[in-house]
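The values are calculated or read from the model by the stated rules, or taken from the named source; none is laboratory data. Remember, it's a predicted structure, so these values are computed and weren't measured experimentally. So basically every Cβ, Gly included, is an ideal-geometry build from the backbone, and we count neighbours across all protein chains shown. Heavy atoms of the whole protein, side chains included, go into the accessibility calculation; ligands, DNA and RNA do not. Shrake-Rupley method; radii C 1.70, N 1.55, O 1.52, S 1.80 Å.
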Amino acid sequence: MLYTLIALVVITIGGFIAYKALGILLKGSWVMGWLRGMFGLVLLTVALAIGLIAYDIFRYKQILLEQVIATINFEKIEDQHFEAILVDSKGNEHRYKLRGDQWQLDARVIKWKGYLGTFGLRPAYRLDRINGRYYDLEQERTAKRTVYALNESIYNLDVWNWINKYPDWVPVVDAIYGSATYLPMADGALYEVSLSNTGLLARPLNAPAEDAIGAWR
């Protein structure tokens, strides 16, 4: 809800700029038409960029203590080749074909620092990617790799990446990367991935997943 509100504030600012830009472009008098037109187009570009940034923020979700962000079920296609069925926190189902022996889920996390953190503003996350890997080092180097992006920013207007690259620009925000520990893939194995302020945690939810972890250890 908080990040939806932030996104609405940002998009409102963008809408106001777009309104002003259109007012300049559509004025009847063109005495200084070229300059007015160029300035209006610049404002429209800024408004569009703000709108895309707002959309990027909107796709982040608050972390409410420890919460389940996804479940992942595996169906074996052939040796070292599985179909991963990922269900996110909204109940949306996504399917990915992973190669290897293990899987890992990554998320991007935005944390508030200093006085903003003391006001109770909670961190937010966005699922980033899922990938497979091999036990054998030689296979890991030479065999076919599989990795899928779960969320991508439009036209590279990526708020998390900006904060991560230029931390001094927004000193009250941290952009960090969270990864669930690599766990084995097995036919019928079901895992739950949760996220808290300390990072991502994956747990087995059924016997095939527990057996796979037991054999791996």
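Scan segment 119-155 for residues that are among the hydroxyl-bearing types (Ser, Thr, Tyr) and at pLDDT 90 or above and the total you get is 5. Filtered by the rule that a residue be under 26 Å from the mean Cα position of the chain (by Cα), under 19 Å from residue 81 (Cβ atoms) and either of a type in the set (Val, Ile, Thr) or not in a strand (DSSP E or B) (or both), segment 187-208 gives a lone residue, 189.
Can you go through 64, 41, 116 and tell me which one is at pLDDT 70 or above and either farther than 29 Å from residue 142 by Cβ or surrounded by 15 or more Cβ atoms within 10 Å (Cβ to Cβ) (or both)? Break it down stepwise before answering.
Working: 64 fails: at pLDDT 70 or above; 116 fails: at pLDDT 70 or above.
Answer to the check: 41.
Just one of the numbered conditions (1) among the hydrophobic types (A, V, I, L, M, F, W, C); (2) open to solvent by less than 40 Å² (accessible area, probe 1.4 Å); (3) modelled with pLDDT of 70 or more is not true of residue 48: (2).
Taking each residue of segment 205-217 that is closer than 16 Å to residue 194 by Cβ and looking for partners that are basic (Lys, Arg) and open to solvent by 50 Å² or more (accessible area, probe 1.4 Å) with beta-carbon atoms closer than 9 Å, six or more apart or interchain, yields 209/203.
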